[in-house]
Amino acid sequence: MKVQPKSDLILHQWQTLAKACDDGESQTRLAILWEHINRFPVRQAASAHAEIETAYFLAQAGFSVAFLEASGGRTADLECYEGTHRFFVEVTVIQSTQGPTRKSPAVRLQPHQILESSDEFFEQALVRRLLSRMAEKARQLERYCAPVLLAVSVPDLPWRKGRPQDIPSLDLQRLAAMLVGVVVDVPQFSAILLTLWKAPAQELRNPIRIRQVTWVTRPPGDARDPRIRLLAVNPVARYRLSSQELTSIKERM
């Protein structure tokens, strides 16, 4: 099977959305996103890529998707419908960076949640960046009176260099347990959809899974799908996604 290049893939996704999302606001937003993708390098256009990929993913899951006009960072990116039930989606990107990461005072790791083993530099960096972003977006969307899905895309490889065999892998059981412990601090979010395009997952140490967290892993080599997609449902969300909406997202994962 011939693997579709990522550039062809994003074009296909954009064209599909341009046909399906025919309202004026969506058309304007799609034009802006495509201009960013054509004008800037992939890393600088990562947010545009993530917004299109997330919208395409949700459209393929069966939702009616509309893009919302950006207005000073105080609105979500997408509005989705399943029948008459509506929810919003905020899309954000976490990329590798040099130097220490900023900690957010709004969401903190408890001592028993700190990762301690020797091969967890990537996990430590990812976790701290994720917590900081969750707190930032929670403040941004605090006035929303509807379910909100936070979609976090991690497009590149870990926060350290090395040979492919040296790249650390994620312990998804530990990451799931951490997310369940901290997502309750951000009741603005109904769920967190975490997409890691290149980071590998460790083999499961045991068959135990956490009820609120679902994940799917894939082998490397196919740019069409991420290595890991993980959904963490917030049990104390102010507004919850319906059981059918959660089922649709999980089936598409």
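Of all residues in region 1-60, those satisfying the criterion of being over 16 Å from residue 151 (Cβ atoms) and in contact with a Cys (Cβ under 9 Å, 6 or more places away or on another chain) are 27, 30.
Scan region 189-218 for residues that are assigned to a loop (DSSP other than H, G, I, E, B) and over 25 Å from residue 12 (Cα atoms) and the total you get is 14.
For first residues located in region 8-37 and closer than 17 Å to residue 91 by Cα, partners that are in a helix (DSSP H, G or I) and of a type in the set (Asp, Glu) and lie 6+ apart or on another chain with Cβ distances below 8 Å form the pairs 10/53; 13/53; 33/51. Of everything in region 218-253 that is out of contact with any strand residue (DSSP E or B) (no Cβ under 8 Å at 6 or more places or on another chain) and among the small types (Gly, Ala, Ser), the residue that is surrounded by the most Cβ atoms within 10 Å (Cβ to Cβ) is 223. Applying a threshold of 8 Å to beta carbon distances and a minimum spacing of six or more residues, or different chains, the list of pairs starting in region 128-146 at a residue that is within 23 Å of residue 178 (Cα to Cα) and ending at one that is open to solvent by less than 40 Å² (accessible area, probe 1.4 Å) and in a helix (DSSP H, G or I) reads 131/182; 134/182; 134/183. Within region 205-217, restricting attention to residues that are within 22 Å of the chain's Cα centre (by Cα) and free of Cβ contacts under 8 Å to residues at least 40 places away in the same chain, the residue that is most open to solvent (accessible area, probe 1.4 Å) is 211.
Which members of region 219-253 meet the condition of being closer than 20 Å to residue 93 by Cβ and either of a type in the set (Asp, Glu) or assigned to a loop (DSSP other than H, G, I, E, B) (or both)? Within region 219-253, 223, 224, 225, 226, 227, 253 meet the criteria. Given (1) modelled with pLDDT of 85 or more; (2) within 19 Å of residue 213 (Cα to Cα), identify the lone condition not met by residue 169. (1) is the only condition that residue 169 fails. Quick check on region 77-93. Is at least one of its residues under 18 Å from residue 198 (Cβ atoms) and either part of a loop (DSSP other than H, G, I, E, B) or open to solvent by 60 Å² or more (accessible area, probe 1.4 Å) (or both)? No, that holds for no residue. When region 189-230 is limited to residues that are within 27 Å of residue 146 (Cα to Cα) and of a type in the set (D, E, K, R), the one that is modelled with the lowest pLDDT turns out to be 211. The residues of region 100-152 that are hydroxyl-bearing (Ser, Thr, Tyr), more than 17 Å from residue 190 (Cβ to Cβ) and modelled with pLDDT of 85 or more amount to a single one, 132. Cβ-Cβ distance below 6 Å, separation of 6 or more or different chains: which pairs start in region 222-249 with a residue that is in contact (Cβ under 8 Å) with a residue 24 or more places away in the chain and over 13 Å from residue 57 (Cβ atoms) and end on one that is open to solvent by 30 Å² or more (accessible area, probe 1.4 Å) and among the hydroxyl-bearing types (Ser, Thr, Tyr)? Note: pairs meeting the criteria are 228/217.
Condition check ((1) at pLDDT below 95; (2) of a type in the set (Val, Ile, Thr); (3) open to solvent by 10 Å² or more (accessible area, probe 1.4 Å)) across all residues:
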site	(1), (2), (3)
4	yes, no, yes
18	no, no, yes
30	no, no, no
37	yes, yes, yes
40	yes, no, yes
53	no, no, yes
56	no, no, yes
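The values are calculated or read from the model by the stated rules, or taken from the named source; none is laboratory data. All values reported here derive from a predicted model rather than from experimental measurement. Cβ: placed from backbone, ideal geometry, glycine included. Neighbour counts: every protein chain shown. Note: accessible area is taken over every heavy atom of the protein model, side chains too, but ligands, DNA and RNA are not part of it. Shrake-Rupley method; radii C 1.70, N 1.55, O 1.52, S 1.80 Å.
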